[in-house]
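Colleague: The following block contains the structure, expressed as structure tokens.
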Amino acid sequence: MSDKDNLEQYRAKRDPGKTPEPFGGEAGGGEPIFVVQKHDASHLHYDLRLQVDDVLKSWAVPKGPSIDPKVKRLAVPTEDHPLDYAGFEGVIPKGEYGGGTVMVWDTGTYRNMKADGDEPQSMAECYEKGHLEFSLEGNKLKGAFVMVRTNRGGAKPQWLLWKKKDEFAVSGGDILVDEPNSATTGRTLDQIACEDADKEPPECAKKGMS
Ligand code: MN
């Protein structure tokens, strides 16, 4: 196993048959990981996280990713998250930061498309410059995406996220509606909320999901 495989220990401690946590694609591959978490907080939104070196660079994407190249989505940077956050699916208690239900909507590995070519650039360099191009190998999201930092947010930077045209791009439709459930457990937001909460919300019994 190479030193580049930052997740070696993470994986060694866990049994994929016993935990719902994702394992970041092929074990031992050493590719960087990504996750898109569906987060039912005060507003339902999606959080995109891309491994850059040893952290997950993170953005809140209010409307979630689209695989239609004509659709650009706002992505607002948030704080770096630890790598093993990519495996987090569960319930953040009400009143805590980000309180609400978190689903691993999609996860896998990606390739920095700017690492190839005449002037190879690392993801960290691309992040600094505010222009990322990467190819996702997820359960749902596949192929090339672009992220560009704009100056529209003034002091607070904003980015735009969109799908590049390739064999995985689809015009029209909405992958968020077509594939709403967890990539790792197949669960709905309601199921996660009822099964993973410390104290089962009263509405769960009514729905017969306990
Ligand atoms: Mn969030």
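No value in this document is a laboratory result; all are computed from the given coordinates. Worth saying up front: this structure is predicted, and the values here are computed from it rather than measured. Note that we place each Cβ from the backbone using ideal geometry, even for glycine, and neighbour counts take in every protein chain shown.
Colleague: Modelled label-to-label distance, Thr150 and Asp116, 7 Å Cα→beta-carbon offset: nm?
Modeller: For Thr150 paired with Asp116, the spin-label model returns 2.9 nm.
Colleague: Ok, one more. Tell me, how many Å apart are the Cα centres for region 158-210 and for region 87-105?
Modeller: Spelled out, the Cα-based centre of one part sits 13 Å from the other.
Colleague: At q = 0.09, 0.10 Å⁻¹, what is the log10 ratio I(q)/I(0) for region 3-206, with the Debye formula run over Cα points and no solvent?
Modeller: -0.34, -0.43
Colleague: Taking region 85-175, which GluC sites (Glu not before Pro) meet the DSSP loop condition and have no more than 13 other C-beta atoms within 10 Å? Intermediate values should be presented prior to the final figure.
Modeller: Values: sites: Glu89, Glu96, Glu125, Glu128, Glu133, Glu137, Glu167; in loops: Glu89, Glu96, Glu167.
Loop-located and lightly packed - Glu96, Glu167.
Colleague: Something else: Can you compute the modelled spin-label distance between Val170 and Leu74, with each label point 7 Å from Cα toward Cβ, in nm?
Modeller: 2.6
Colleague: So which trypsin sites (Lys or Arg not before Pro) in region 159-210 pass both tests, a DSSP loop state and at most 14 other Cβ atoms within 10 Å of the Cβ?
Modeller: When the trypsin sites (Lys or Arg not before Pro) of region 159-210 are filtered for loop state and at most 14 Cβ neighbours within 10 Å, Lys165, Lys199 remain.
Colleague: Still on this model: Just to confirm the filter: which chymotrypsin sites (Phe, Trp or Tyr not before Pro) across region 56-119 are DSSP coil and have at most 14 other Cβ within 10 angstrom of their Cβ?
Modeller: Here the sparse-neighbourhood loop sites are Tyr97.
Colleague: Calculate the length of the line joining the C-alpha centroid of region 122-154 to that of region 41-86, in whole Å.
Modeller: The distance from the Cα centre of region 122-154 to that of region 41-86 comes to 10 Å.
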